[in-house]
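Presented below is the structure to which this report refers.
The values are calculated or read from the model by the stated rules, or taken from the named source; none is laboratory data. What you are looking at is a predicted structure, and each value in this text was computed from that prediction instead of being measured. Glycine also receives a Cβ, built like all others from the backbone with ideal geometry; neighbour counts cover every protein chain displayed.
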């Protein structure tokens, strides 16, 4: 998980540098270099913290869900079809929500 966070930060930083180097020279004449460094370092610090926290929270939620599902399935196996029927609309809604966010 830590390695994934590092790789994501490296990719974001690489893209940032490519975009920064493609800016026109007038941008650097008008903007102090200290302001660019301060802004970018605080943004990347926030990204580094958020990526790690989000990955950890997502993994914890998935594991908790699976544990609950397996525990209920073991104790009450007749509820498995009902649980699957309940989860199908939620999965459909989640997939559509992600499609709408990225479009």
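Residue check: residue 31 meets all listed conditions (1) surrounded by 10 or more Cβ atoms within 10 Å (Cβ to Cβ); (2) closer than 27 Å to residue 55 by Cβ but one, namely (2). The single condition from (1) at pLDDT below 85; (2) in contact with a helix residue (DSSP H, G or I) (Cβ under 7 Å, 6 or more places away or on another chain) that residue 79 fails is (1). For segment 21-52, a residue qualifies if it is modelled with pLDDT of 85 or more and either within 22 Å of residue 5 (Cβ to Cβ) or part of a loop (DSSP other than H, G, I, E, B) (or both), and the qualifying residues are 22, 23, 24, 31, 32.
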